[in-house]
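The next block holds one structure in the form of structure tokens; read it before the comments.
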Amino acid sequence: METTALHRRECLILTAIEIINERGIQGLSVREVAKRQGFSNASIFSHFKSKSELIISVLDHYTQYDTAVIQAITLRELKSIDAIKYLIESYYTYYENYPQITAIILAYDGLRCEKELSEKIKSILSDRSVSLIKMIEEAKAVNKIRTDIDSACISDIIMGSCREVCQKWRVEDYTFPLKDRIMYTLNAILDSLASR
């Protein structure tokens, strides 16, 4: 019975992601999730106490591989530039294979108005930034990246460029290979920041 409840909960999360992908975060409603799953509104509330809890579960689903990616970098003993490339390639391979999830990246700003959701978004951004900054610092330590540019700024350049490419991919109806464009962009950034 617990497996069935977990399966239903997962189905509700996936349906919420579909709705966010189609209608944006403002188009997500418990009523629409219930309708698509053939549930009553009341039965959804047996899985999630509120719409905010549903959205937090969506965000947890969105970040479910973050720890695994960092662990893989550690297990593979990747350092510096190789670690940065692996991190970004892992995320965008996942996104290319699951395009609906990329709607979450573009929904960050719409989630910041509610305290609980704002804290969750800040945590996601902070965790990802801290990991990337650490890798940038490692690259600086072995003279692979210029040391005269702040590591947080470099992280912002990389993450912001990736988000921009992802948004363009969505706007252009997924007409180009996302991972390839991301890696091309990342390599251009890293080349321009290489120590001379």
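Using the structure shown, decide if L106 is modelled with pLDDT of 90 or more and assigned by TED's automatic domain parsing to the domain that holds P177.
no
May I ask you to verify whether Y92 is aromatic (F, W, Y) and modelled with pLDDT of 95 or more?
So Y92 fits the description; yes.
Can you give me the number of residues within segment 65-89 that are assigned to a helix (DSSP H, G or I) and within 21 Å of K144 (Cα to Cα)?
Total satisfying the criteria: 13.
Being closer than 18 Å to D66 by Cβ and either among the basic types (K, R) or in contact with a strand residue (DSSP E or B) (Cβ under 6 Å, 6 or more places away or on another chain) (or both) is the requirement here; does R170 meet it?
Against the criterion (closer than 18 Å to D66 by Cβ and either among the basic types (K, R) or in contact with a strand residue (DSSP E or B) (Cβ under 6 Å, 6 or more places away or on another chain) (or both)), R170 does not qualify.
Which of the residues spanning segment 47-82 are of a type in the set (S, T, Y) and either more than 30 Å from L28 (Cβ to Cβ) or within 13 Å of the chain's Cα centre (by Cα) (or both)?
Residues satisfying the conditions are Y62, T63, Y65, T67, T74, S80.
What number of residues in segment 67-119 are surrounded by fewer than 17 Cβ atoms within 10 Å (Cβ to Cβ) and in contact with a Ser or Thr (Cβ under 8 Å, 6 or more places away or on another chain)?
Matching residues across segment 67-119 total 4.
For segment 25-39, what are the residues that are of a type outside the set (D, E, K, R) and surrounded by 12 or more Cβ atoms within 10 Å (Cβ to Cβ)?
Passing the criteria: I25, L28, S29, V30, V33, A34, Q37, F39.
The values are calculated or read from the model by the stated rules, or taken from the named source; none is laboratory data. Keep in mind that this is a model prediction, so the values were computed, not measured. Backbone-built Cβ (ideal geometry, glycine too); neighbour counts: all protein chains shown.
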